[in-house]
1. Does any residue in segment 116-140 that is open to solvent by 70 Å² or more (accessible area, probe 1.4 Å) come within less than 8 Å, Cβ to Cβ, of a residue that is in a loop (DSSP other than H, G, I, E, B) and of a type outside the set (D, E, K, R) six or more places away or on a different chain, and which pairs are these?
2. Looking at segment 65-84, can you tell me whether even one residue there is at pLDDT 90 or above, of a type in the set (Phe, Trp, Tyr) and surrounded by 13 or more Cβ atoms within 10 Å (Cβ to Cβ)?
3. Any idea how many residues of segment 128-137 are part of a helix (DSSP H, G or I) and under 13 Å from the mean Cα position of the chain (by Cα)?
4. Name the single residue that is surrounded by the most Cβ atoms within 10 Å (Cβ to Cβ) among those in segment 40-64 being of a type outside the set (D, E, K, R) and over 18 Å from GLN14 (Cβ atoms).
5. THR39: under 26 Å from ILE137 (Cβ atoms), outside any loop (DSSP other than H, G, I, E, B) and modelled with pLDDT of 80 or more, yes or no?
Amino acid sequence: MTTAIFNQQLMNLQSNLLNFAMTLTNNRDDAYDLLQDTTVKALTNADKYADDANFKGWVFTIMRNLFINNYRRTTRNRAVVDTTEDYYHLNLSQESGLETPEGSVAVTEITEAINTLEEKFRVPFSLHVAGYKYEEIAEQTNMPIGTIKSRIFMVRRMLRERFADYAC
């Protein structure tokens with residue numbers, strides 16, 4: 001396909017792409033940004049388009065992949081990692097039980113139990129408690145995902161056994 005034909009087909013799809021971008025983003029400005037990013041990406045990768053492929057499908061796939069990648073990036077950037085020693089405060093509700101002596105003792109004991117763990121168990125478990133997915137933890141710690149899952153499971157089991165007397 002010649003460059004002129006490629007550009008003409010891409011320009012003919014702009015209104016369809018904008019509609020698709022609006023359904024993905026639900027925001028007009030974000031939709032225009034996504035449309036522009038898609039157009040630029042398609043133009044820079046025009047040499048990778050195979051003539052026997054569905055052009056419209058190829059361009060829409062570029063847009064969908066850009067949207068997914070941007071969504072994942074912004075979600076990851078919004079994640080807050082608490083680097084304090086008080087890991088247990090990260091996911092506590094307002095009614096955490098810290099107001100009662102029993103609640104503060106239990107939290108202190110759990111925190112001490114977590115802090116006494118070897119680093120190879122403490123780090124993956126703390127990241128898991130902070131809301132990271134297994135894949136993200138494996139990527140950050142450069143360990144296989146199976147190892148991460150096993151270590152988190154072992155810490156949970158150890159904590160459950162150690163604090164079985166607190167169960168209601």
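The values are calculated or read from the model by the stated rules, or taken from the named source; none is laboratory data. Quick caveat: nothing in here was measured; it's all calculated off a predicted structure. Heads up, the Cβs are rebuilt from the backbone with ideal geometry, glycines too, and the neighbour counts pull from every protein chain shown. Note: accessible area is taken over every heavy atom of the protein model, side chains too, but ligands, DNA and RNA are not part of it. Shrake-Rupley method; radii C 1.70, N 1.55, O 1.52, S 1.80 Å.
1. Going by the 8 Å Cβ cut-off, the qualifying pairs are GLN140/TYR132.
2. Checked against the condition, which is being at pLDDT 90 or above, of a type in the set (Phe, Trp, Tyr) and surrounded by 13 or more Cβ atoms within 10 Å (Cβ to Cβ), segment 65-84 yields at least one hit.
3. Of segment 128-137, the ones part of a helix (DSSP H, G or I) are 128-129, 134-137.
Now drop any that are not under 13 Å from the mean Cα position of the chain (by Cα), which leaves 128, 134-137.
Counting residues in segment 128-137 that are part of a helix (DSSP H, G or I) and under 13 Å from the mean Cα position of the chain (by Cα) gives 5.
4. Pass one, segment 40-64, residues of a type outside the set (D, E, K, R): 40, 42-46, 49-50, 53-55, 57-63.
Applying the additional criterion that residues be over 18 Å from GLN14 (Cβ atoms) yields 50, 53.
Working: ALA50: 9, ALA53: 11.
Among those residues, the one meeting the criterion is ALA53.
5. Numbers: under 26 Å from ILE137 (Cβ atoms): no; outside any loop (DSSP other than H, G, I, E, B): yes; modelled with pLDDT of 80 or more: yes.
Taking the combined requirement at face value, the residue does not satisfy it.
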